[in-house]
Structures are given as structure tokens and as C-alpha cells.
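The values are calculated or read from the model by the stated rules, or taken from the named source; none is laboratory data. This one's a predicted model, so the numbers in the text were calculated from it and none came from an experiment. Neighbour counts run over all protein chains shown; Cβ positions are idealised from the backbone, glycine included.
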Ligand SMILES: N[C@@H](CCC(=O)N[C@@H](CS)C(=O)NCC(=O)O)C(=O)O
């Protein structure tokens, strides 16, 4: 995987963005348009196409919204293992790009922004009508789809917005991105900081979910949705590949119950792909897994009663 500089793709791997103190810092997304009733990007689902990857947790947030709201937005899934060309597509099959037929995602970025500088990331929401990119920031995409399209649970009710944003900020920094802070750390200190914050926050969420059915009370919201992709990958991937191994999610009764309740919601199971998570997270990486060998286990059983209706 490489980097695009002023519209030209450079295949050299810049590695994860790491500060001098060895701590991982995720780059900010720069394509930040919104879908609004007055346009130019109007809430008409058939206009849009999503560039995603099954293993990417940020793309997973968006896939969850599409599933829960049953939105007819089409999706191209990149191959789970990135190459020197970054996220790539086959000519046909489940990892083909049916919209443009590109071989790699950087071609789509070049079409969207001929002078683009930055990383080539999924998710990327594309508008067929104007032949342009709407957004490559999953937090924005989730919020705009939640707010601008009808159907499914009300993910961000105005009266809970402040509380949702509070949970989102905490969970993004210490859990969603927290696993990467542990996994991509280049010093013992940076790892210790990341892993400690991660498990402190999981403990805090566990305590919350012991007395409330969902993070914000009795309604399932965007905050729970954004927690889910990390829970879904944790025991099969982060626990091993990112050394997030103080506990597993299955060791937390309430977090695990919450994960299974969300898994059982309509359409969600179809977005969870543990074998692909392993392919992605155990890709060949000079720092973390030089031989690229994918472990056989563990098997995580998502079935079984979650009993979350008994809480709160
Ligand atoms: N801010 C972005 C982050 C997306 C992101 O970092 N995606 C990763 C995959 S999990 C990616 O495509 N990385 C490619 C790279 O950094 O070169 C979002 O949340 O939408």
C-alpha cells in the first residue's frame, strides 16, 4: 500500500503514520461533502455507490447503516489483502468493481481529485450522478445516511445527539482506534498506553451495559453501531494480531451480549466476515507478521441467546 502525492500514486509503503514517540496517528480524511435535501448531493439512495472492504472497521460502520436501513446503495468490496497498489479489485467475482471496473482504488481517487495528496482509504462514497466523490470519512457518511434517509432504527435522535457524540469520541479514541494504537505502536511505551486505555474503556463500557441495554439508555443508536465493528473483529484478530490480549470480548458478559444482540439485528450477520478479518489483519507486514501466515482459530460462536432484553 502506498500514498498518492498530487494525483500520482507512489507504491512505496509509508507504513502506518507514527509520531516520534512511536504512537500511531490516523490521518484525517479530506473529502468531506454532505448529502442534504437541497443538494448538490440529494438523498436519493440509487445515486450512490460505496467503495468498501469487508475487513475495514470504518467501512463496516457504513455497511451496518446500509443493512439496518435497507438502503439500495451498491458496494464494491476490495480484496482483503492490500498490495503495493493498495486496495485492489479483480476483473470479476466478489472483489470486482462493478461501477467503474477499476483495478485499484487509487484510480477512483485520481478521478475524484486529480491533485489528491493522501492515503487511499475505504470507505469512499461515490455519486454516480455528478461522477464525483461525496466523502471518505466514515463518521460523516454514517451520520448523513442516518439523518437523510428514512427506514430502520433512528440512529441519531436529536435528543440523544450530545450523548452519542460523547460516547463516539471516547470509543473512537480508545477503542475503535485504540486497538490500532496498540497494534501499530513502535515502542513499548506507546503500546502500553494504547492497550491500557483500550481495556480501561472496555471495562467502563461493560459497567455501563450492566445497567443500560444500550450505551445511551433504552434506544439502540449510532454509538452502539460504531462500537460494533471493533467487537466483531476483536477475538479473532485484534486479540492476537494487535496484542490486545488482556481479555477477550467473550470474557465480558455484557459487551459480548451486546455484540450478539446487534449481530442478530436484520442484515447485520451478513456484514460480519471473520475469515476475511483474519486474512486482512494477518497480511504480510514487515513489522507485525513478516511471513503472512494466517492462524486457523479461534472459532467464535455468535449464536446463542444474548438476553439483553433483561437489562435496563
Ligand atoms: N477516516 C477514515 C479512515 C479510514 C481508514 O483508515 N481506512 C483504512 C482501512 S481500515 C485504509 O483504507 N487504509 C489505507 C491506508 O491507510 O493506506 C474513515 O473513518 O473513514
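Picking from 7, 15, which residue would you name as being surrounded by fewer than 16 Cβ atoms within 10 Å (Cβ to Cβ), closer than 28 Å to residue 235 by Cα, in the same structural domain as residue 99 (by TED's automatic domain parsing) and modelled with pLDDT under 95?
15
Out of all the residues in the stretch 171-213, which are within 16 Å of the chain's Cα centre (by Cα) and assigned to a helix (DSSP H, G or I)?
171, 172, 173, 174, 175, 176, 178, 179, 180, 181, 183
Taking residue 59, is it assigned by TED's automatic domain parsing to the domain that holds residue 118 and within 13 Å of the ligand (Cβ to nearest atom)? Before you say what the answer is, go through the steps one by one.
Details: assigned by TED's automatic domain parsing to the domain that holds residue 118: yes; within 13 Å of the ligand (Cβ to nearest atom): yes.
Spelling it out, residue 59 is indeed assigned by TED's automatic domain parsing to the domain that holds residue 118 and within 13 Å of the ligand (Cβ to nearest atom).
For the stretch 1-56, give me each residue that is in a loop (DSSP other than H, G, I, E, B), under 23 Å from residue 151 (Cα atoms) and within 14 Å of the ligand (Cβ to nearest atom).
33
Take residue 109 and decide whether it is in contact (Cβ under 8 Å) with a residue 60 or more places away in the chain, within 16 Å of the ligand (Cβ to nearest atom) and farther than 17 Å from residue 120 by Cα.
Against the criterion (in contact (Cβ under 8 Å) with a residue 60 or more places away in the chain, within 16 Å of the ligand (Cβ to nearest atom) and farther than 17 Å from residue 120 by Cα), residue 109 does not qualify.
Determine whether residue 220 is under 30 Å from residue 158 (Cβ atoms) and in contact with a strand residue (DSSP E or B) (Cβ under 7 Å, 6 or more places away or on another chain).
In short, yes.
Which one of the conditions (1) in a helix (DSSP H, G or I); (2) touching a strand residue (DSSP E or B) at 6+ places or on another chain (Cβ under 8 Å) does residue 231 fail to meet, given that it meets all the rest?
(2)
Mind checking whether some residue in the stretch 142-161 is more than 12 Å from residue 66 (Cα to Cα), free of Cβ contacts under 8 Å to residues at least 24 places away in the same chain and within 16 Å of the ligand (Cβ to nearest atom)?
Within the stretch 142-161, not a single residue is more than 12 Å from residue 66 (Cα to Cα), free of Cβ contacts under 8 Å to residues at least 24 places away in the same chain and within 16 Å of the ligand (Cβ to nearest atom).
Being within 25 Å of residue 283 (Cβ to Cβ) and touching a residue at least 12 places away in the same chain (Cβ under 8 Å), is that true of even one residue in the stretch 209-226? Working first, answer last.
Just the residues of the stretch 209-226 that are within 25 Å of residue 283 (Cβ to Cβ), to begin with: 226.
Filter once more, so that each one left must be touching a residue at least 12 places away in the same chain (Cβ under 8 Å): 226.
Yes, the stretch 209-226 has at least one match.
Checking the conditions here, which among 181, 226 is closer than 20 Å to residue 270 by Cα and either touching a helix residue (DSSP H, G or I) at 6+ places or on another chain (Cβ under 7 Å) or assigned by TED's automatic domain parsing to the domain that holds residue 66 (or both)?
After ruling out the rest, the residue left standing is 226.
Which one of the conditions (1) over 16 Å from residue 226 (Cβ atoms); (2) surrounded by fewer than 18 Cβ atoms within 10 Å (Cβ to Cβ); (3) at pLDDT 95 or above does residue 169 fail to meet, given that it meets all the rest?
The number of the failed condition is (1).
Answer yes or no as to whether residue 246 is surrounded by fewer than 17 Cβ atoms within 10 Å (Cβ to Cβ), more than 28 Å from residue 146 (Cβ to Cβ) and touching a residue at least 12 places away in the same chain (Cβ under 8 Å).
So residue 246 fits the description; yes.
When the stretch 69-106 is examined, which residues are found to be in a helix (DSSP H, G or I) and either away from the ligand (no atom under 15 Å from the Cβ) or in contact (Cβ under 8 Å) with a residue 60 or more places away in the chain (or both)?
Residues satisfying the conditions are 69, 106.
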